[in-house]
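Notes for the one structure printed next.
The values are calculated or read from the model by the stated rules, or taken from the named source; none is laboratory data. Keep in mind the model is a prediction, meaning the values are calculated, not measured. Positions of Cβ are generated from backbone atoms using ideal geometry, with glycine treated the same way; all protein chains shown enter the neighbour counts.
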Amino acid sequence: MPTPLDSQRLRDLKLLRRVRDRMDREYAQPLNVEALARGVNMSAGHLSRQFRLAYGESPYSYLMTRRIERAAALLRRGDMTVTEVCFTVGCSSLGTFSTRFSELMGVPPSEYRRRHGGASDGMPSCVERHATRPVRNREAPPPTLHLA
């Protein structure tokens, strides 16, 4: 029989999935922890703590990773400048965007665009997402695209 604590934890996990899904959908919108917490009737502190416990990173870090993933895809297309990409994915500071992009992808956005522009043309999107997924916390070298 689940305890009241277990029931609360399951309710929190359901709400955390809603928050994560919202960030996945609305990554380009101006989102912050307070707004996300209000959307699920939690305090910002509780949301941050529970999100980190459930997913291993803060809500801000998760959101920035989603934005960088989308930015990398736009840079590979090659038809937008780095500044345009920065603002398209919802970042408001080019400096913060470039720093976070470099941390996750291993190179600055302009270098990434130069190296990988057009590299995924014709690649199925599911393969492209897997091959170009950012690496969090510098756990491994950035992925390289190998087209046969």
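Scanning segment 69-79 for residues that are surrounded by fewer than 24 Cβ atoms within 10 Å (Cβ to Cβ) and in contact with a Pro (Cβ under 9 Å, 6 or more places away or on another chain) returns a single hit, 69.
If only residues of segment 28-45 that are on the phi < 0 side of the Ramachandran plot and of a type outside the set (A, V, I, L, M) are counted, the one that is surrounded by the fewest Cβ atoms within 10 Å (Cβ to Cβ) is 30. Residue 34 passes every criterion in (1) in a helix (DSSP H, G or I); (2) more than 24 Å from residue 92 (Cβ to Cβ) apart from (2). Of all residue pairs spaced 6 or more apart or on separate chains, those with beta-carbon atoms under 7 Å, a first member in segment 1-27 that is more than 15 Å from residue 60 (Cβ to Cβ) and a second member that is modelled with pLDDT of 90 or more are 12/50; 13/54; 15/40; 15/42; 18/40.
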